[in-house]
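Any read-out appearing in this document is the output of simple, stated calculations on the displayed coordinates, not a laboratory observation. In this text, all values refer to a predicted model and were calculated from it rather than measured experimentally. Note that we place each Cβ from the backbone using ideal geometry, even for glycine, and neighbour counts take in every protein chain shown.
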Amino acid sequence: MPAIDAKLNLLVTGGAGFVGSNLVLELQDRFRNCRLTVIDDFRSGDFKNLAGYRGDFVAADLARLNWKEQFGDEKFDAIFHLASITDTTNHNQFEQTHDNVESFRRLLTFARLNRSRVIFASSASIYGATSEASAESTTAAPANIYAFSKAI
């Protein structure tokens, strides 16, 4: 995809986490000439996961990030939102809900204003402990605050 690669501008939040870093490295490999930006606060991610990454990096707390100040009118072709507090043993309900929901709210506001597409990664945990396969139409039954914050 030589011609289209150079025009792609992609952003991955939570890009230093396990899933995020694998996505980032795959995007980098698949679209060699694209512009790729990672945002992570290293709360649960690790810089070692990004070994070989060659794109831009922003160290920031998404719940407090001023998107307009950081990126101006920059349009991303796609924003992959993988960042969240994932620690299911974190019992601070306010912190977990505020950070996960506020991060997503701010991202959506920026994406709407800049006309960027958003790909949101939720979690199967929003359906609770079940042995049956879940579908998007399955009623959410979050068992912990992490799952609740992802279901909102």
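Helix content alone sets the calculated 222 nm mean residue ellipticity of the chain: runs of n ≥ 4 DSSP H residues at -39500 (n - 2.57) each, divided across all residues, give -10000 deg cm²/dmol. For segment 81-127, run through the trypsin sites (Lys or Arg not before Pro) and keep only the ones in DSSP coil with at most 11 other Cβ atoms within 10 Å of their Cβ. Qualifying residues, ordered by number: Arg115.
Under the convention that each Lys and Arg Cβ holds +1 and each Asp and Glu Cβ holds -1, the size of the dipole of segment 2-121 around its Cα centre is about 460 debye. Among Leu23, Thr109, His98, whose Cα sits farthest toward the positive end of the charge dipole of the chain (+1 at Cβ of Lys/Arg, -1 at Cβ of Asp/Glu, about the Cα centre)? Positive-end residue among those listed: Thr109. Were the residues from Glu132 through Thr88 laid out at 0.36 nm apart, the gain over their Cα-Cα distance would be 13.7 nm. Taking GluC sites (Glu not before Pro) as exposed when DSSP calls them loop and at most 12 other C-beta atoms lie within 10 angstrom, the chain has its longest site-free stretch at 1-131.
Working note: Cα gyration tensor of the chain, eigenvalues times five, square-rooted, sorted largest first, giving semi-axes of 27, 17, 16 Å. Does segment 95-151 come out rounded, prolate or oblate, given a ≥ b ≥ c as the square roots of the eigenvalues of its C-alpha gyration tensor, rounded meaning a/c under 1.5 and, failing that, prolate meaning a/b above b/c? Cα axes put segment 95-151 in the oblate bin. Rounded to the nearest 10 degrees, the inclination of helix 18-30 to the longest alpha-carbon principal axis of the chain is 30 degrees. Between segment 1-78 and segment 90-152, the alpha-carbon centres lie 20 Å apart. For the chain, what number of Lys pairs, 8 or more residues apart or on separate chains, have alpha-carbon atoms under 26 Å from each other? So the count of such lysine pairs works out to 4.
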